[in-house]
Amino acid sequence: MGVQGLWGYADQRPEFFRDVKLTNTKIIIDGNNFYFQFYHNSSLDERHGGDYDLYVEALKRFFQTLSDCNIQPYVVLDGCCNHTDQKLETTKLRAKGHIKSAHDLSMGREGRLLPLLTRNVFIQVLSKLGVPLVQCLLEADKEIAALANQWSCPVLSTDTDFCIFDLKGGFCPLTQFKWENASQGRIPARCYFIENVCANFNGMNKDLLPLFAVINSNDYSDMKVMYRFYRHVASSSHMSAYRGKKQAIIHSLLTWLSPFQDLKVAIENVLNVLPVSDREEVREYLSSQMQVYKIPERNLSGFFISGSSTTDDIQLRSLVPRWTLAALEKAQLPKTVVDLLVLQRVFLIPQVENSMRLNAHTCALPIRRAFYGMILNRRRHSSVSGPMSSLTFRNLREHSALSKLPLARCLQMFLEILGVSSSTVEEVPRHLVLPVYVTHFWLIHSDPRPSLQHLQAILVGIAHAASPGLALQELRTSRQQPLDRDAAHIFSQWQATLQISLHLNQLLCRPLEEPEVSSQRKKKSLSPFSWSCHQQEFTSAAIAVGVLA
């Protein structure tokens, strides 16, 4: 994500920024970046399954502050990874880093890992607060830049790619957006403007910044031949002013590029440093990668104003069934659907678990196979026997798609995939039915098998944390003590099952009421570490799970 080392460099250059007091404006929020960074910046627990309640409280305070300052947020979420596969290796490396963080946390070491259901929580909060939201089909950076320029408002993110886009309203790093210090209806902030950067490099042509970003190695860069150019630039002084090697290279590269007023001339001078045999390949590479920073003429304002589609890409629209398009754009379907339709692969989110056992997502494999099969129209993706044999997976591109099926039929499909019956949950409150079904499935498929204590802990979460002897706090390990990795593994399997069941329910047009992953009204949270509600709900859920099992 972003231009390597650029934030460390820019943060030391206050002249690149302007101090502002934001009020009476729109602001475009980089959704994926925001929900990730905001969770970490809120100093919330990452080891025990997610402090979703506290996360919701912080989000509500944030958006209330924006409202108090008459700042209208528009949140833009990414869809699937780059559909050209240019970013696959970067995505793999990032996934490996997350797996390492999960393992480190499980072993009592430091690490940063976003809890599994954070995105679900974020989307539910935005929906409840009425914050405008769009989920792009592909990566959102260019869409964010185009919308911000259409409305001449700032972008809120920590992604340094926005240091390269020519943004009329500037780029406001989340770390410089002092929303907690709001006063008299204004939020103090520091906004980055490329005009300030260029002015500090002798009026540098701003069109050179995408070239700088690609050479400096952004997410897509993998041209090893460019290291020869780095050495050439590094030899041209400017290195001693910065302690970090990467920052010194950035400064040297900007200084080296600054005299060129024409982009083509600058590219030729870059190529002249390289062996003749490599020049054409590098020319094509630089030209294609700089397109990452080309702001499109079309923007998302039409979606927010009139609900028009977010894309006019004919090839992409041919891959995404028409009836799913609106639901995807409104984030009513998970981005996993686009990952499967466009890339036919999904990267699962690591959790804190026992890494000596099978991945916690394995527990929910039968549900995921059915989910994938419904999307890809491949019967072989289903391994569920018994009632599943009566299911006919429908191609999502057919006119008679899932959206045309009676809701009762969609519910039947959901129940058959999870292997449960609707007759046993008649006394369960509607908002708890789906978690009860999930718990039944988890009891059967979890490895290691949950003990009575584990089940009670889940039911406490679903029902009543004040019930004597059932509070999960008795199972939850103190942060100062070693984590019970098998207990963490068991609960991570429950969250993995809940996540894919939520996705399945959405794909089937929500035949079951979707539970709030966190609810401040009754201090409930679908992390098994922090739920609570009423004794009656506990009893009905316990009876239902007992009957189902």
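Values quoted throughout were computed directly from the atomic coordinates according to the rules given, and no laboratory measurement underlies them. Please read these numbers as outputs of a predicted model, since none were measured by experiment. We place every Cβ from the backbone using ideal geometry, glycine too, and count neighbours over all the protein chains shown.
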Could you tell me whether region 93-235 comes out rounded, prolate or oblate from its Cα gyration tensor? Rule is a ≥ b ≥ c as square roots of the eigenvalues, rounded for a/c under 1.5, then prolate if a/b exceeds b/c, otherwise oblate. oblate
In nm, the gap between the two label points placed 7 Å beyond Cα toward Cβ at E284 and Q261 is 3.3
Amide hydrogen neighbours beyond the local backbone of V75, cut-off 5 Å, H modeled: I29, L133, V134
Tell me the label-point distance for the pair K404, R18, using the 7 Å Cα-to-Cβ offset, in nm and rounded to one decimal. 5.4
Relative to the present Cα-Cα distance, how much length would full extension add between R345 and D104 at 0.36 nm per residue of separation? 84.1 nm
Could you tell me which of rounded, prolate or oblate describes region 250-369, using a ≥ b ≥ c as the square roots of the eigenvalues of the alpha-carbon gyration tensor, with rounded for a/c under 1.5 and, failing that, prolate when a/b is larger than b/c and oblate otherwise? oblate
Per residue of region 68-79, what does 6.51 cos²θ - 1.76 cosθ + 1.60 with θ = phi - 60° give for ³J(HN,Hα)? Whole Hz please, x for Gly and Pro, Karplus curve as stated. 4, 9, 6, 9, 9, x, 10, 9, 10, 9, 5, x
For region 96-127, run through the trypsin sites (Lys or Arg not before Pro) and keep only the ones in DSSP coil with at most 16 other Cβ atoms within 10 Å of their Cβ. R109, R112
Is the shape of region 280-329 best called rounded, prolate or oblate, per the rule: a/c under 1.5 gives rounded, else a/b larger than b/c gives prolate, else oblate, with a ≥ b ≥ c the square roots of the Cα gyration tensor eigenvalues? oblate
Roughly what would the spin-label model give for Y230 and K168, points 7 Å off Cα along C-beta, in nm? 3.8
